[in-house]
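Accompanying notes for the structure given below.
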Amino acid sequence: MGSVYSYLMSWVYPGMTYDLTPDPVTGLSERDCHAIMDTWALVADRKSIKQNGVEFFLTYFKAYPSMQDLFPAFKGRPLDELRTSPALRAHATSVMYAIKSYVGTVDDAETLAGLVTKMATSHVPRGIKAENLEVRTEILKILVAP
Ligand code: HEM
């Protein structure tokens, strides 16, 4: 499958070939790292990163209302009201920039592990579990939204 992709990409971008060897720590190849960076760039340019962060949280809270309750500042507040809340905008922005730091170090396993460990350490006492991070569906909904 990987070689088919590389073959097709060599037609789209002649001369571009990525190393497909998985990193022993992250399991990500050079091609995977580029795919992650290029995909992230679609939602994280300076103009739209804040609004995309807000949209993400609104979609996330709609899908998992109990998660909204974990945030003292957002608990019980209607989503329509949160849409224009400076507190949500600030939180969404700090989360988006944290993710940006992970994407920026996706090819540096040691630094990436350090950053993710920092986030996990501050979230475990809040009762956040690994499964709460399984948010791919919500991210896809935002990416395909008009
Ligand atoms: C990649 C995933 C995530 C990133 C990068 C992230 C990042 C952050 C950052 C940067 C902060 C502010 C600094 C801090 O207090 O540690 C924060 C706070 C917080 N996060 Fe996350 N977070 C993530 C996932 C989650 C998830 C899945 C939940 C659960 C719903 C969650 C709940 C919270 C809560 C409750 C706070 C404290 C908010 C407050 O009271 O100010 N986070 N997060």
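The values are calculated or read from the model by the stated rules, or taken from the named source; none is laboratory data. Since the structure is predicted, the reported quantities are computational estimates derived from the model, not experimental observations. In this analysis, Cβ positions are derived from the backbone assuming ideal geometry, glycine residues included, and neighbour counts consider all displayed protein chains.
List of remarks:
- Close contacts from the range 84-105, counting a first residue that is farther than 15 Å from PHE56 by Cβ and a second that is not in a helix (DSSP H, G or I), with Cβ to Cβ under 7 Å and a gap of 6+ residues or different chains, come to ALA87/ALA73.
- Members of the range 28-69 that are surrounded by 18 or more Cβ atoms within 10 Å (Cβ to Cβ) and among the charged types (D, E, K, R): ARG31, ASP32, GLU55
- Breaking point among (1) at pLDDT below 95; (2) under 23 Å from SER122 (Cα atoms), for ALA35: (2)
- Filtered residues of the range 5-26 (kept if more than 15 Å from TYR102 (Cβ to Cβ), at pLDDT 90 or above and not hydroxyl-bearing (Ser, Thr, Tyr)): LEU20, PRO22, PRO24
- The range 69-92 - residue that is within 20 Å of THR121 (Cα to Cα) and part of a helix (DSSP H, G or I) and, of those, nearest to the ligand (Cβ to nearest atom): HIS91
- For the range 111-137, the set of residues classified as in contact (Cβ under 8 Å) with a residue 60 or more places away in the chain, closer than 23 Å to HIS34 by Cβ and not small (Gly, Ala, Ser) consists of LEU112, VAL135, listed by residue number.
- Residue within the range 99-113 that is under 15 Å from the mean Cα position of the chain (by Cα) and among the charged types (D, E, K, R) present: yes
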